[in-house]
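Have a look at the structure below, then the notes.
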Amino acid sequence: MKRRDVKQNEPSSHNSGVQRTSKSKKKEGTRSPQSQGWLKRGLLALFVILVVVPFSVKMLPELIQHFVYTHRISLPFFVDLSRPADFSLNHTINMYLTSEEGISLGVWHTVPESRWKEAQGKDLAWYQNTLSDGSPVFIYLHGNTGTRAAPHRVGVAKILSALGYHVLVPDYRGFGDSTGEPTEAGLTTDFLCVYNWVKERSRNSLVVIWGHSLGTGVATNTADKLLEQGVVFDGVILEGAFNTVRQNIPPFNPFAWRYWKFPGLGYLYRAPWEDYKFVFPTEENLKKMRSPILFLHSEDDHLVPIEVAQQTYEVAARAQNTERVKLVTFEGSLGYLHNGLYRDPRLPEIVKRFVQSL
């Protein structure tokens, strides 16, 4: 019995020795999962430092420019902006204005709805001549992302036309079919071009500026620039106005949430917006403006909190008075958010009263 037990145990003893030898060789020839993990992390960090970071720093100006204006997102897709009738604007002409060398701006001009039959088949010269018919003229400055064909922008143009007003809706440089790349100074130049073009043709007609979102910054920047020449807008509507002073989203500015940021990158490089600033000092501009102003804001605006709108309004009202500066808010339960005010049935009457007060 003992021999049989020994014979049975001998192979077991031998195999055990082989297994120990195999494990020993495995430890000597390979790394543990923990060490492999550290190696992968180290290689990834090296890749980020040597490749990704330098590439990102080089591309940041263009990336920041895109993320602020998101002008390359042209919604709706696959549309012909030279055909405004495709968007039920059948008394509208498409044209192009040159704001500076190499910059062509796509612009829609919609005449008052009462003239829609007369407008059929008319050329650009006819449309230009109508600007002096005594009807108020609106220049609508849209927000970032998309083109003049966006539904809420078309909606505003239809409301104003139905009220008997002319409406000009330009696409800034880089937006829609306009050429160039957007910059804060460039957008001001573009708007000045459109404004001067209208003023040369509208004679004594009221010219009212309607800025929405990004357009509110363009409108107030331009108002400040024109004040240096002694020019004051007849009236200004600011819808969904942002405020870079009050709307301080940490750690940088109101647009900071749009950016990706590598952990610790701020210790190696200056914040990109230090060299490529998008200031839009709306609050400072409002302190100097002397135009009648109407603020429009939804209480559920998800981009510009209603508190910011109220604070911005108060700054403007103190600079003038509550007779010349008004704030109209819309209940959050209506669900208009940042772009939907044009759907409110009260809006036409609100705008009409404002124009009559000018």
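Worth pointing out:
- On the stretch given as the stretch 170-203, residues that are under 19 Å from Leu160 (Cβ atoms) and either without any contact (Cβ under 8 Å) to a residue 60 or more places away in the chain or in contact with a helix residue (DSSP H, G or I) (Cβ under 6 Å, 6 or more places away or on another chain) (or both) total 5.
- Odd one out for Pro281 among (1) crowded, with 22+ Cβ neighbours inside 10 Å; (2) under 18 Å from Leu141 (Cα atoms): (1)
- Within the stretch 105-139, the set of residues being under 20 Å from Ser82 (Cα atoms), assigned to a loop (DSSP other than H, G, I, E, B) and open to solvent by less than 50 Å² (accessible area, probe 1.4 Å) comprises Val111, Pro112.
- Annotation for the stretch 149-159: no member residue is under 22 Å from Leu131 (Cβ atoms), open to solvent by less than 30 Å² (accessible area, probe 1.4 Å) and either of a type in the set (Phe, Trp, Tyr) or not assigned by the TED database to the domain that holds Val111 (or both).
- Inspection of the stretch 188-209 identifies at least one residue that is in a strand (DSSP E or B), open to solvent by less than 20 Å² (accessible area, probe 1.4 Å), over 16 Å from Pro84 (Cα atoms) and touching a Lys or Arg at 6+ places or on another chain (Cβ under 7 Å).
- Complete set of residues in the stretch 334-358 that are within 22 Å of the chain's Cα centre (by Cα) and open to solvent by 80 Å² or more (accessible area, probe 1.4 Å): Arg343
The values are calculated or read from the model by the stated rules, or taken from the named source; none is laboratory data. Treat the numbers as computed from the prediction; the structure is a model and nothing was measured. Positions of Cβ are backbone-derived with ideal geometry, glycine not excepted, and every protein chain shown enters the neighbour counts. Note: areas computed on protein heavy atoms with side chains; ligands, DNA, RNA excluded. Shrake-Rupley method; radii C 1.70, N 1.55, O 1.52, S 1.80 Å.
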